[in-house]
Amino acid sequence: MENVFSLSPIDGLYTILLCVLVGIEVIRNVPAILHTPLMSGSNAISGIIIIGGVIQLLENDLGLNFTTIISCFGVLIGTINVSGGFFVTHRMLKMFKSSKN
Amino acid sequence: MILLANYGYLTATTLFVVGMILMGNPKKAARGNGLLILGMILAIISTFALSLSNTGTIPWNKIILISSLILIGTYLGRKISFSFKITRMPELVSLFNGFGGLCAALISLTGIIAYQGELNIFTKVILMGSLFLGLVTFSGSIIAYYKLAGKLKSKLSNNVIFMWITLFSCFLILFDGLMESNTFDFTISLVLLSIFSLLHGIFFANGVGGGDMPVLISVLNGLTGVLTAISGIYFENTIMVLLGVFVGATGLILTIQMSKAMNKSIRKVFIGGNKISKFKPTDLELKINETSPSSIASDLTYAKKVAIVPGYGLAIAQAQKTCLELKQLLNKYDTDVKFVIHPVAGRMPGHMNVLLAEANIPYEDILDLEQGNEYIAESDVCFVIGANDVVNISAENEKTSPIYGMPIIQTYKSEKVVVIKRSLSNGYADIQNPLFGEENCRMFFMDAKIGLEQIVVDLKER
């Protein structure tokens, strides 16, 4: 698949560097009381990896062969990770209440 | 179409970053989670658009297949996430993390098999590396899941050796596969690599002691992030790299914070995890002052400021709700009650906070280590419920103590310390706690829940 998003290696390194810095800065400011939801939330977004599985399924021929089956299984398992992570995070955050209301 | 996909990814990235920023604020965190979900949906739709722009035709059969997979996965994920109690949150997070690792491994396996002939050495390194990491994360997380559930307690004496052997084997097979030295058929190399990666994950996680679980979970979480970033490089997909690095940073920061809070180097957690330092401070004869529920109750009613230090023992005894009741009763006497939580209380970062939130204790009344110690210094009574190692004063004043240097909750700074504990037994680190013999410390030997209930009954009768 021709990819319009491909970066030159140096652009990629800049992106990674900035991401690390932004990531560290954002996470450092999260108070300890929110660490568990933060973890399950970040667990869910690391499931963005299913995009890779989706690309593979769109790209390859859909025959009934080994690669198709493991791709499908990968996307299924990955989606469980994504949705489960978000639902759990939501469940936990709903419980955090302020004394003011 | 390309433009659409491009801006879709850009918007999704913005949603993710803003969502993560909001996740740092208790008031806005739920909204942040909503933004993350929107970002995820947008990113998947953009991926479809990207593919359409490349092929020109709409492959309906594939779109239907993928959408139904996503729908089934979402349904299953929802079902699993609601079937766990809040106390079992760390298990659930490990389980999902393992799924993420397996997904990454399957994707790289597909990549290797589908393009076997035309892979250059760089993509081969990436794919085989992420197969290895993915399977290690998978089996490691599953082991963590069983350990947290208390279903797995066996400790192998030679665990560290097995860990190194399996790791070394993985590298040998990887190297062999890359060099095309044809010792094995490529398929056999892949099978061997998978088996040894799975084994390595098992030994890697199994060597970590129960008290070090928060570090293990943070590390595994970070690993899935790294995996996602690596896959992003393979697919040349910026959003995957971005988010992967983001999650990797989360894992890294939490790992560092957790190991700092335990005063244990990361190396020690994974390699020396089983060996508890043989050198123990001399067992002192402690002068124990016992107390009763009614005298604790009267101490609490006369106090202006009370600090409660809950430990994992409180969660095991399921006494969170009773804690809230106690707090509400004391608030009627104009007593200010705050909870002070050590970063490694519980089985994962922030676990104790979630447990207290479940019991409807408002988050303003929960203090972290630093604020908590300031509060305790001004408090009249410090009430320790089911915590031990995190209030062990030998971490501050006994240089030979294995936990020397670990930041603790400075309960002794309070006018009076009251401890509810089942017995005088040592805590998880197996070190005697001299706090219990201090002059201003009173002990009440009882199960946390029963003890708290007795105090609550006494308070109600007043």
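Against the criterion of being without any contact (Cβ under 8 Å) to a residue 24 or more places away in the chain and within 7 Å of chain B (Cβ to nearest Cβ), A:Leu18 does not qualify. The single residue among B:Ala297, B:Ala303, B:Ala319 that is farther than 29 Å from B:Pro214 by Cβ, at pLDDT 85 or above and in contact with a Leu (Cβ under 7 Å, 6 or more places away or on another chain) turns out to be B:Ala297. Does B:Met443 satisfy being part of a loop (DSSP other than H, G, I, E, B), touching a helix residue (DSSP H, G or I) at 6+ places or on another chain (Cβ under 7 Å), over 19 Å from A:Ile33 (Cα atoms) and touching a residue at least 12 places away in the same chain (Cβ under 8 Å)? Spelling it out, it is not the case that B:Met443 is part of a loop (DSSP other than H, G, I, E, B), touching a helix residue (DSSP H, G or I) at 6+ places or on another chain (Cβ under 7 Å), over 19 Å from A:Ile33 (Cα atoms) and touching a residue at least 12 places away in the same chain (Cβ under 8 Å).
Can you name the residue in the stretch B:327-359 that is among the aliphatic types (A, V, I, L, M) and in a helix (DSSP H, G or I) and is also farthest from the other protein chains (Cβ to nearest Cβ) among such residues?
Filtering the stretch B:327-359 down to residues among the aliphatic types (A, V, I, L, M) leaves B:329-330, B:337, B:340-341, B:344-345, B:348, B:352, B:354-357, B:359.
The next check asks that each one be in a helix (DSSP H, G or I); those that pass are B:329-330, B:352, B:354-357.
Values: B:Leu329: 16, B:Leu330: 14, B:Met352: 9, B:Val354: 5, B:Leu355: 9, B:Leu356: 9, B:Ala357: 4 Å.
Out of the qualifying residues, it is B:Leu329.
With the condition kept exactly as written, say whether any residue in the stretch B:134-142 is over 21 Å from B:Ile188 (Cβ atoms), among the aliphatic types (A, V, I, L, M) and away from chain A (no Cβ under 12 Å). Yes, there is a match, as at least one residue in the stretch B:134-142 is over 21 Å from B:Ile188 (Cβ atoms), among the aliphatic types (A, V, I, L, M) and away from chain A (no Cβ under 12 Å). Looking only at the stretch B:208-258, count how many residues are more than 9 Å from chain A (Cβ to nearest Cβ) and polar (S, T, N, Q). Within the stretch B:208-258, residues that are more than 9 Å from chain A (Cβ to nearest Cβ) and polar (S, T, N, Q) number 1. If you go through the stretch B:76-97 and keep only what is crowded, with 19+ Cβ neighbours inside 10 Å, of a type in the set (Gly, Ala, Ser) and more than 7 Å from every other protein chain (Cβ to nearest Cβ), you end up with just B:Ser94.
Conditions (1) assigned to a helix (DSSP H, G or I); (2) free of Cβ contacts under 8 Å to residues at least 40 places away in the same chain; (3) more than 17 Å from B:Ala104 (Cα to Cα), marked per residue:
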residue: A:Asn43; (1), (2), (3): yes, no, no
residue: A:Ile50; (1), (2), (3): yes, yes, no
residue: A:Gly53; (1), (2), (3): yes, yes, no
residue: A:Leu57; (1), (2), (3): yes, yes, no
residue: A:Gly63; (1), (2), (3): no, yes, yes
residue: A:Ile69; (1), (2), (3): yes, yes, no
residue: A:Cys72; (1), (2), (3): yes, yes, no
residue: A:Asn81; (1), (2), (3): yes, yes, no
residue: A:Thr89; (1), (2), (3): yes, no, yes
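Could you tell me which residue of the stretch B:408-440 is farthest from the chain's Cα centre (by Cα), considering only residues that are part of a strand (DSSP E or B) and of a type in the set (D, E, K, R)? The extreme case among them is B:Lys416.
Inspection of the stretch B:43-65 identifies no residue that is under 24 Å from A:Leu93 (Cα atoms) and surrounded by fewer than 18 Cβ atoms within 10 Å (Cβ to Cβ).
The values are calculated or read from the model by the stated rules, or taken from the named source; none is laboratory data. For clarity, every value in this text was computed on a predicted model and none was experimentally measured. For neighbour counting, all protein chains shown are included, and Cβ atoms are generated from backbone atoms with ideal geometry for every residue, glycine included.
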